[in-house]
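Notes follow once the structure below has been shown.
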Amino acid sequence: MAEATRNRTVLVLLDPATEVRSSVLELLTIARSLGRVEAVTLEAPTVEALAQLSAFGVETVHQAELAPATQGDARHLAPVVAATLAAAVRLTDADVVLAPSSFAAKEAAALAARELGAGVVIDAASVTEDGDGRVVAGKRVFAGSWDTTSTVRTEVAVLTVRANAVVPQPADAAVATEVEGFAVAVDGVVPTVVERTPTVRDSDRPTLEEAAVVVAGGRGTGGDFGPVNELADALGAAVGASRDAVFEGWFDRYVGQTGVTVAPRLYIGAGISGAPHHRGGMQASQVVVAVNNDPEAPIFEICDFAVVGDLTEVLPQAAAIIRAHKDQ
Amino acid sequence: MRIAVLVKYVPDINAERRFADCRVVRDPAEGTLNELDENALEAALRIVEALPEAEREASEVVALTVAPPEGDLALRKSFQMGVDRGIRVSDDALAGSDYFGTTAALAAAVRRLEAEGPVDLVVTGMAALDGLGSVVPALVAAELDRPALTFAKKVAVEAGTLEIVRETDEATETLTAPLPAVLSVADTANTPRFPNFKLIMAARTKQIEAWSAADLDLDLAAVGAAGARTETTQASPRPEKPEVELVQDKGSGGQALAEYLIRNDLV
Ligand SMILES: Cc1cc2nc3c(=O)[nH]c(=O)nc-3n(C[C@H](O)[C@H](O)[C@H](O)COP(=O)(O)OP(=O)(O)OC[C@H]3O[C@@H](n4cnc5c(N)ncnc54)[C@H](O)[C@@H]3O)c2cc1C
């Protein structure tokens, strides 16, 4: 990636600060191509997180000091995160803010931009600059069927970036990372958090939104995700599902326009028909593969490779060969 | 209880969607009510239906859209589901608005409704299926200085308090806020009703109220293409994928799949 030509300051949102996910490592990588990188958190980063920030060239972490009412679980709410981002921009005179494309971070980014009078781009697939030094974002829209370019016309640009936009790349040399507190006042109205239970993710598999390979199962699994899991494990992939499979209670997270949007190197859909809602969440994947016993399945229209067959036969056979190949 | 449901007129996701001159083409033959707004309408109607009779009688559900005149279709569909009023805000000055321009227009329309009487709740879908930004609900709330409870998969209103349960990427949360508030509803919150014959007939005679920017307290410099803080400067269709390589499984389909992945360095 090209080195920054301008002396920009780029803030990257790190929330939570307990770990630095690959989506945030991507943001740090993009940020370094635009200017000097600083991170913004709502809590003290863990030692592991600090080590990664240091490897990725972050010299300063700005940690919000919040009033009691907005500490605790409320600190992850969009108005609090937004006020923190806006205050950090004012503090550092930053030019660009980058956040992941989670639903929560999108809201925070938009609210921060509102407060700053800045332009906002949601779901960018790339972030660069044009000849005039304006920030330019590439987007995939209409279920990955169109590419658009958005140019930010304001001095400050706020962007949320989709996972799998770039390959995370540490800085040439690690830097010393310091954490500095700064006061944040939240003006917006903040809801009351009655209860918050952090989601526990399967730590043996990559997370769905960030994985380089996704294997998803649909109604065609008949409720048995065994073959889907087996192929996913052979490939080191994340497991996903269609909404129907989730509604049946067979799995917990679904791929699609209203679920998780994924853009991995490889997506494999098994027993999934390929409804427009589902396609909208995976069509930007680099390679699409499907296994379906209906030769007319709509998902074949967007596939690179597909097998017409029973997934309970095809997936385990493929998994066995892949395991054998990897053991060589 | 007075509820404004913000609905959007969008290109049908089953149709071929496209851009011309960097703007989304809104072909009236292929436009529709944003499907996710049906969940918003359903949530609003259920909130009213759960009220004691006297309160229910005094309630009003208003569908509100910022759209060109073709957008009436979204309001007609809202009528068919059972809303009482439909308002469309149209103005050439609003064309090309970014999130903030759209939000300003929507908030100004809610404020005008408020001039007639209090609006207790503003309800939206979780996203519009054309832009998929999911940020307008939070922005409208900020503009109206109200709390936003977004992406609700469960909704309850009791004694002037809105309570939701939602699943974010990080956690499952139960949130509350006093009314007036802004609510966005996930597609998992409910199953939208099918319009019945009676409602379809009634919808035919309902009048859509048309407002223009001049009817609203709106800073025209902040809306439309001129006020937009971002600009779409390029739009091009992705190249068509080459024809799919389709393998019929006759006992070695899995092997063919594995070999494809190995051959393409995907393992
Ligand atoms: C507002 C809205 C939003 C939505 N959002 C989403 C979304 O985000 N994500 C999403 O996924 N859906 C979404 N949906 C639902 C979507 O429209 C489809 O209903 C859903 O994706 C279908 O799931 P499916 O492909 O698993 O099931 P089906 O459409 O029933 O397809 C099952 C497939 O399995 C195949 N099959 C059956 N048995 C086998 C076998 N033994 N081996 C191989 N193949 C087999 C069949 O041929 C069929 O093609 C949404 C719907 C609405 C209304």
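The values are calculated or read from the model by the stated rules, or taken from the named source; none is laboratory data. Because the structure is predicted, anything quoted here is derived from the model rather than measured. Cβ coordinates were reconstructed from backbone atoms using ideal geometry, including for glycine residues, and neighbour counts include every protein chain displayed.
General observations
- Within the range B:5-42, being closer than 11 Å to B:Val123 by Cα and either in contact with a Cys (Cβ under 9 Å, 6 or more places away or on another chain) or away from the ligand (no atom under 13 Å from the Cβ) (or both) holds for B:Val5, B:Leu6, B:Val7.
- Residue check: B:Thr161 meets all listed conditions (1) surrounded by 14 or more Cβ atoms within 10 Å (Cβ to Cβ); (2) at pLDDT 95 or above but one, namely (1).
- Restricted to the range A:288-301, and to residues there that are in a loop (DSSP other than H, G, I, E, B) and more than 8 Å from the ligand (Cβ to nearest atom), the residue that is surrounded by the most Cβ atoms within 10 Å (Cβ to Cβ) is A:Pro295.
- Test: residue in the range B:140-156 that is away from every other protein chain (no Cβ under 12 Å) and among the aliphatic types (A, V, I, L, M): yes
- Residue in the range A:266-274 that is assigned to a strand (DSSP E or B), within 7 Å of the ligand (Cβ to nearest atom) and farther than 30 Å from B:Ser184 by Cα present: yes
- Candidate set from the range B:6-61 (those that are within 11 Å of chain A (Cβ to nearest Cβ) and assigned to a helix (DSSP H, G or I)); member that is surrounded by the fewest Cβ atoms within 10 Å (Cβ to Cβ): B:Glu35
- Looking across the range B:84-127 at every residue that is closer than 16 Å to B:Glu35 by Cβ and more than 10 Å from every other protein chain (Cβ to nearest Cβ), the one that is surrounded by the most Cβ atoms within 10 Å (Cβ to Cβ) is identified as B:Thr124.
- Of all the criteria given as (1) touching a residue at least 12 places away in the same chain (Cβ under 8 Å); (2) at the interface with chain B (Cβ under 8 Å from one of its Cβ atoms), the one not satisfied by A:His325 is (1).
- Residue within the range A:226-243 that is at pLDDT below 95, within 13 Å of the ligand (Cβ to nearest atom), buried (at least 24 other Cβ atoms within 10 Å of the Cβ) and assigned to a loop (DSSP other than H, G, I, E, B) present: no
- Contacts under 8 angstrom Cβ, first residue in the range A:234-262 being on the phi > 0 side of the Ramachandran plot, partner within 7 Å of the ligand (Cβ to nearest atom) and part of a helix (DSSP H, G or I), 6 or more apart: A:Gly256/A:Arg243; A:Gly256/A:His277; A:Gly256/A:His278
- Any hit, the range A:303-314, residues being more than 10 Å from chain B (Cβ to nearest Cβ) and surrounded by fewer than 22 Cβ atoms within 10 Å (Cβ to Cβ): yes
- Of the helices (runs of 4 or more DSSP H) contained entirely in the range A:34-116, those carrying at least 2 residues that are within 14 Å of another protein chain (Cβ to nearest Cβ) and either more than 22 Å from the chain's Cα centre (by Cα) or not aromatic (Phe, Trp, Tyr) (or both) fall at A:78-92, A:103-116.
- Among (1) farther than 30 Å from B:Gly96 by Cα; (2) under 17 Å from the mean Cα position of the chain (by Cα); (3) away from chain B (no Cβ under 11 Å) - the single one A:Ala241 does not satisfy: (2)
Residue-wise test of (1) within 14 Å of chain B (Cβ to nearest Cβ); (2) part of a loop (DSSP other than H, G, I, E, B); (3) more than 16 Å from the ligand (Cβ to nearest atom).
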| position | (1), (2), (3) |
| --- | --- |
| A:Asp187 | yes, yes, yes |
| A:Val190 | yes, yes, yes |
| A:Val194 | yes, no, yes |
| A:Arg205 | no, yes, yes |
| A:Gly220 | yes, no, no |
| A:Gly223 | no, yes, no |
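- Yes/no for B:Val155 being part of a helix (DSSP H, G or I) and either within 12 Å of A:Thr258 (Cα to Cα) or modelled with pLDDT of 95 or more (or both): no
- Residue match in the range A:302-323 (condition: under 24 Å from the mean Cα position of the chain (by Cα), of a type in the set (A, V, I, L, M) and near the ligand (Cβ under 8 Å from one of its atoms)): no
- In the range A:207-216, residue farthest from the ligand (Cβ to nearest atom) [restricted to those that are of a type outside the set (Val, Ile, Thr) and without any contact (Cβ under 8 Å) to a residue 60 or more places away in the chain]: A:Ala212
- Residue within the range A:117-129 that is within 14 Å of chain B (Cβ to nearest Cβ), at pLDDT below 95, in a strand (DSSP E or B) and out of contact with any helix residue (DSSP H, G or I) (no Cβ under 9 Å at 6 or more places or on another chain) present: no
- Considering B:Glu49, B:Glu30, B:Glu70, the condition of being among the charged types (D, E, K, R) and at pLDDT 95 or above is satisfied by B:Glu49 alone.
- Filter result for the condition that a residue is at pLDDT 90 or above and surrounded by 15 or more Cβ atoms within 10 Å (Cβ to Cβ), over A:Val141, A:Val194, A:Val166: A:Val166
- Segments classed as helices (runs of 4 or more DSSP H), wholly inside the range B:166-267, with at least 1 members that are within 31 Å of the chain's Cα centre (by Cα) and within 11 Å of chain A (Cβ to nearest Cβ): B:224-227
- Positions within the range A:130-162 being within 19 Å of the chain's Cα centre (by Cα) and part of a loop (DSSP other than H, G, I, E, B), in sequence order: A:Phe142, A:Ala143, A:Gly144, A:Arg162
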